[in-house]
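Okay, so here's the structure we're looking at.
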Amino acid sequence: MIEFRKEYFADERDDNLNEIGKPTQRQDMLGHVTGRSPYFDDHLFDGLLHLKCLRSPHHHARIRSVDTSEAERMPGVKKVIRARDVPLNLNTLLSLMDFGLDDEPMLADKKVCYVGEPVVAVVAETERACFDAIAKIRVDYEVLPHVLDVEEAIKPGAPSVNPTYPTNTFLYHEKYDHQKLRFGDVEAALRQADHVVEGRYQMSPIEQAPTETCGAIAAPETNNRFVVYTSTQALFFSLGTAAKMLKVSSNRLHFIGGTVGGGFGGKVDSIHEPMAILGCMLTGKPVRYAWDREEEMQVGAPRGAERWYITDGVMNDGRIIARKFIGYFDSGAYTRLSSYAIIKGTGHLPGPYTIPNVSSDVYCVFTNRTPATAMRGFGITGVDFSIEAHMDKVASKIGMNPIELRILNSYRDGDMKAHRRLAKNTALIECCQVVAEKAKWKIGSEYKAMSSLKGGGGERALIPAHTAIDQKGMVRGSGTSSFGYQPQPYVPSTPTFPSTPAFPSVPAYTPAASSSPAPGAPERRPAENAPTPSSTYNPTPSQPATPVEQRPAVNRFSSISGLRRR
Amino acid sequence: MAKKPIQFQLNGSGQAIFAEEGSNLLDVLRRGVGDLSPKYGCGQGTCGTCTVLVNGEPRLSCLTLAETVEGQSVETTAGLAHGPQLHALQHAFMDNFAAQCGYCTPGMLMAAKALLDRNPSPSREEVVEAISGNICRCTGYEPIINAVLAAAQSGGRRYG
Amino acid sequence: MTLHRGRGFASINYPIGMNLGGDPSQALVHSNPDGKFMVALSSIDLGQGMKSVTRQIAAETLGIPVEDVYVDTADSDTGPHCMGSFASRGTHRVGNAVIAAAREARSVMMEAAAQELEVNPDDLVTDGKGNIHVKGAPSKSITTAAACGAAQFKQGRTVSGRGIFLVPLSDVDPDTGEMTPVTCFAHAAMVVDIDVDDETGEVTVIEMNSAYEVGRALNPRLVEQQLIGGAWMGMSHALWETTEPYYPDRIHGPVDFNEYLMPGPGDIAPHHISVLERPAPDGPFGGKGPGEMCANPVLPAVANAVFNAVGVRIDELPITPEKVLRGIAAIGGPQPQPKW
């Protein structure tokens, strides 16, 4: 049952428009109920070829050698694609917005970093022929130590997952190994609080599970173009990614999509389009690359598992005067979009409440897990679960009605938020009041009388006179021209490793030794007894397909505001 | 690979095609015959997206060997409407906004049709059971249940 | 076996659009000679109703019936750039781009009508039914079809418009996190009632009551679709879903829908929704974007209800029967909390 409570905020709306506000039928509904809505796979091509990938069985391993000779002779096989066939075999999704370093290959070359990472692609007449050929490919792996837990991954000595970010954290603003939020003085306020409430919260990785699996079909079009039917959630993300990795002019790519069988964030990653087009380029035939359900669940990027620690300082009357977060996003082996979600999550803290002292440290951590990506509520769902479960603990601790606790602390129009912008257009209090009334959950009359429109601003609009800032997690070498990605970060001077730092040849990206670690955030020091990098990753200088020399390393490494650096 | 001739009725019209031995009904319908209304959802028989009717019974076409429908009658969503005249279920799905992405809709419609064909006045519980093999990730199922009940209540008459 | 009833509460807000901005979307609108309009986008409809809501926005802005508009998306040869469908940005960003494009097209249509009627275009209004007439004088009118036809066949005007919407990219201060994340927020509050079986550990959702503030509800049925389906997904996240049930151990990773669990049609609970509409100052006709945030309050509300029912805090999702039973055992038996 749904009702529209038009009496709320009525004076802010014009309810007498012609089309807006009407329960008009969906434009696509007739197509849906007749089975005629054209999804990407509903385009038929004569001579369609299929593409499937050989995937890593290991969490972390060096690829010693790959032998595809037998697979190439299998019936129906048209092309076996290796890393060297990819024109630019390194990308990061947000490079299209100039955020972050290229860190993920289309096909693994030197090593695999997660179970399911694609190593070889086979194009054949049927999917079955692809699988039969894949079974004949011989890969010699040297298994490496792996790490699957975010807090283990940033401990000294943890295996280095992602060669682009050798200490397993994304780098924010060329400066810190985490994203900071500082508003007021949390530690001082915690000392003044009547109660301190602590909690630890863990999300699980979650599959977007659209009923249509991800995929794309690429076919030759006239005049040396390619037409691509795709399930992407972001047409130009996928087009731009394909143009970049295949080194093709974007107007040679004709992308058609827009009718998609559910996405929920799982169809942003632009995995299928570049691969299908590459298969099409190499065979001259239409090529379909789509995941089956098992791939969708185990290879497709999930909503990442976030871990949050929250510490609240609360007064006896229910006012929360301090809130501290430490968060770890499990990005998996590559960045995809986790780095971005952390900034989004940081801007969201401390939730819809006005709290005068807030701090957070959020880490984007690389582990040998399936890369994580967007999902409905990305960057927010996990921390909202944590905040609201924590609010319930606060209510229990001080014996307060949980809804009254929310209303008391709710942000209102004119309040200063922790990211230092004034709140406007707020409506949390009204939502609390309406649902309490619906569910017959009694709240006091003074709470029924409160309003998002009243009582905000004034002192609540002020930025704290003193904000405690710190340089914990600062990365040595930041701001220098040698900072950021190094073309050959994994070539230490010696294969043995008794007492030298983990990455002696890399001046950049070693944490400053000064600060004291926060709880749950162990001090970051170079590994004393890490596995020797040289034994794990030693690129051959003469690799023709190695793209690192072709990319402007330092300038592309940017903060989210990197656009201004161009 | 060897190909095998198969003849069957699809939505009332005869089909005669050659299909690879061992191929499944979903592939034969989509790529062999060109009826794109049944969708691939999992290929494992766990999502119901590919549901079609064989002799009036709901079947997971991804797990049905194509050769087993030799001489049988197959129905898909493409045959649900008669010309421009929509089936009562199609009208009810529209009226109840029972589709968002629409990808599970053809399978849902077939599962629901099988129910209504044998039980024109199902209870809510019977509707729930009939569609419980079909996964929808968008709607939360409530609008779909309501749509099937509404179609049953219309008795097919309202929509002719 | 005892069933313990519990109820939990949660309230949330949600940022609308890509965080920090810098995410443009564009739209092109043009009319056929008979006054039927096409909207060309490269935005994606993945079920949320992008085609439908932009169609209504275009019709409202043009001042014509919704049947006179068709939205064509997404073809990169004809649809101009759009960042994509994520971050609850579609309605807000694309909607605003469509308004801009439709306004430009409308102004040409009105100029053409004015020329035909020999009046000042500022004196003309649309009636939303396919007519343009002089303010206060409905008899002095021309159909939108005739105006668009005259524009193209007599006056040599293209009845078309271009639109883009961009929230400028915000900086982020590395030391304080100061930033402009978004321009508006949606809100929600939820009460969930559940039963916990202290023998099996099963949690059954009995009822959900919610209040969602979504900005202007541009199409109430599309909003309803999102809220019902989204709350179902939130319940699913809370109690069922995981790709790695023994996180971070990767064993037992599901590969099909027999192992990856979600509530089926027999597991759903009545959900009573109240929608509040506080228009976003910069949203298209005040619209925000309900698509993502509708799931979020359910997860903590369910966890809080489990505590209320049996006194067990489960801080790791999903709340499986195993975790519930282990939690009950750890506190020496169920400890129901005071009921609200």
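Quick look at the values:
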| item | result |
| --- | --- |
| Residue check, A:ASP149 among the acidic types (Asp, Glu), within 14 Å of chain C (Cβ to nearest Cβ) and in contact with a Gly (Cβ under 6 Å, 6 or more places away or on another chain) | no |
| Residue selected from segment C:199-221 under the condition more than 20 Å from C:ILE268 (Cα to Cα) and acidic (Asp, Glu), by the criterion nearest to the other protein chains (Cβ to nearest Cβ) | C:GLU213 |
| Filter result for the condition that a residue is on the phi > 0 side of the Ramachandran plot and modelled with pLDDT under 95, over A:ASP15, A:ASP98 | A:ASP98 |
| Residue identified as over 23 Å from the mean Cα position of the chain (by Cα), within 8 Å of another protein chain (Cβ to nearest Cβ) and not in a loop (DSSP other than H, G, I, E, B) among C:ARG55, C:ARG7 | C:ARG7 |
| Extreme residue, nearest to the chain's Cα centre (by Cα), among residues of segment A:22-51 that are more than 23 Å from A:ALA219 (Cβ to Cβ), among the polar types (S, T, N, Q) and facing chain B (nearest Cβ under 7 Å) | A:GLN25 |
| Scan of segment C:118-141 for residues that are more than 14 Å from chain A (Cβ to nearest Cβ), among the aliphatic types (A, V, I, L, M) and surrounded by 19 or more Cβ atoms within 10 Å (Cβ to Cβ), ordered by number | C:LEU124 |
| Qualifying residue in segment A:153-173 (condition: facing chain C (nearest Cβ under 7 Å), farther than 30 Å from A:ALA124 by Cβ and under 24 Å from the mean Cα position of the chain (by Cα)) | yes |
| Segment A:379-425, residues that are of a type in the set (Ser, Thr, Tyr) and touching a residue at least 12 places away in the same chain (Cβ under 8 Å) | A:THR381, A:SER386, A:SER410, A:TYR411 |
| Lone unmet requirement of (1) touching a residue at least 60 places away in the same chain (Cβ under 8 Å); (2) touching a Lys or Arg at 6+ places or on another chain (Cβ under 7 Å); (3) under 29 Å from A:VAL268 (Cβ atoms); (4) aliphatic (A, V, I, L, M) for A:MET74 | (3) |
| Unique match (being crowded, with 22+ Cβ neighbours inside 10 Å, in contact (Cβ under 8 Å) with a residue 60 or more places away in the chain and of a type outside the set (A, V, I, L, M)) among C:GLY79, C:GLY22, C:GLY47, C:GLY17 | C:GLY17 |
| Lone unmet requirement of (1) without any contact (Cβ under 8 Å) to a residue 12 or more places away in the chain; (2) not in a loop (DSSP other than H, G, I, E, B) for C:GLY332 | (2) |
| Cβ pairs under 6 Å, 6+ apart, first in segment A:307-322 and within 11 Å of A:PRO350 (Cα to Cα), second among the aliphatic types (A, V, I, L, M) and in a strand (DSSP E or B) | A:ASP312/A:VAL197; A:ASP312/A:ILE320; A:ILE320/A:VAL314 |
| Residues being touching a Cys at 6+ places or on another chain (Cβ under 7 Å) and crowded, with 24+ Cβ neighbours inside 10 Å - total across segment C:25-44 | 6 |
| Flag for C:ALA217 being under 26 Å from the mean Cα position of the chain (by Cα) and not in a loop (DSSP other than H, G, I, E, B) | no |
| Restricting segment A:326-340 to residues that are crowded, with 24+ Cβ neighbours inside 10 Å and part of a strand (DSSP E or B), the residue that is nearest to the other protein chains (Cβ to nearest Cβ) | A:ASP330 |
| Failed condition for B:ALA78, given (1) under 13 Å from the mean Cα position of the chain (by Cα); (2) over 21 Å from C:GLY264 (Cβ atoms); (3) free of Cβ contacts under 8 Å to residues at least 60 places away in the same chain | (3) |
| Which numbered condition C:VAL94 misses (of (1) more than 26 Å from the chain's Cα centre (by Cα); (2) in a helix (DSSP H, G or I); (3) within 14 Å of chain A (Cβ to nearest Cβ)) | (1) |
| Scan of segment A:341-387 for residues that are hydroxyl-bearing (Ser, Thr, Tyr), in contact with a Leu (Cβ under 6 Å, 6 or more places away or on another chain), within 9 Å of chain C (Cβ to nearest Cβ) and more than 22 Å from A:GLY199 (Cα to Cα), ordered by number | A:THR367 |
| Failed criterion for C:ARG55 (all others in (1) touching a residue at least 60 places away in the same chain (Cβ under 8 Å); (2) on the phi < 0 side of the Ramachandran plot hold) | (1) |
| Filter result for the condition that a residue is among the hydroxyl-bearing types (Ser, Thr, Tyr), within 30 Å of A:ASN368 (Cβ to Cβ) and modelled with pLDDT of 95 or more, over C:THR158, C:THR242 | C:THR242 |
| Matching residues in segment A:190-232 - criterion: being within 10 Å of chain C (Cβ to nearest Cβ), over 22 Å from A:ASP42 (Cβ atoms) and in contact with a helix residue (DSSP H, G or I) (Cβ under 8 Å, 6 or more places away or on another chain) | A:GLY199, A:TYR201, A:MET203, A:ILE206, A:GLU207 |
| Hey, C:ALA269 in a strand (DSSP E or B) and touching a residue at least 60 places away in the same chain (Cβ under 8 Å) or not | no |
| Spans of strands (runs of 3 or more DSSP E) in segment A:141-246 with at least 1 residues of a type in the set (Gly, Ala, Ser) and touching a residue at least 24 places away in the same chain (Cβ under 8 Å) | A:195-202, A:215-221 |
| The lone exception for C:ALA295 - which of (1) in contact with a strand residue (DSSP E or B) (Cβ under 9 Å, 6 or more places away or on another chain); (2) within 22 Å of C:GLY90 (Cβ to Cβ); (3) at the interface with chain A (Cβ under 7 Å from one of its Cβ atoms); (4) crowded, with 24+ Cβ neighbours inside 10 Å it fails | (1) |
| Filtered residue count, segment C:171-198, keeping only those that are assigned to a loop (DSSP other than H, G, I, E, B), facing chain A (nearest Cβ under 7 Å) and among the hydrophobic types (A, V, I, L, M, F, W, C) | 1 |
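Here's the yes/no breakdown for (1) surrounded by fewer than 24 Cβ atoms within 10 Å (Cβ to Cβ); (2) assigned by TED's automatic domain parsing to the domain that holds B:GLY41; (3) without any contact (Cβ under 8 Å) to a residue 60 or more places away in the chain:
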position	(1), (2), (3)
B:ASP95	yes, no, yes
B:ALA98	no, no, yes
B:GLY102	no, no, yes
B:THR105	no, no, yes
B:MET108	no, no, no
B:GLU126	yes, no, yes
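Here is a yes/no grid of residues against (1) at the interface with chain A (Cβ under 10 Å from one of its Cβ atoms); (2) free of Cβ contacts under 8 Å to residues at least 24 places away in the same chain; (3) surrounded by fewer than 17 Cβ atoms within 10 Å (Cβ to Cβ); (4) under 30 Å from C:GLY264 (Cβ atoms):
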residue: B:GLY14; (1), (2), (3), (4): no, yes, yes, no
residue: B:PHE18; (1), (2), (3), (4): no, yes, yes, no
residue: B:ASN24; (1), (2), (3), (4): no, no, no, yes
residue: B:ASP35; (1), (2), (3), (4): yes, no, no, yes
residue: B:GLY43; (1), (2), (3), (4): yes, yes, no, yes
residue: B:GLY48; (1), (2), (3), (4): yes, no, no, yes
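The values are calculated or read from the model by the stated rules, or taken from the named source; none is laboratory data. Because the structure is predicted, anything quoted here is derived from the model rather than measured. Here the Cβ is made from the backbone with ideal geometry for all residues, glycine too, and neighbour counts use every protein chain on show.
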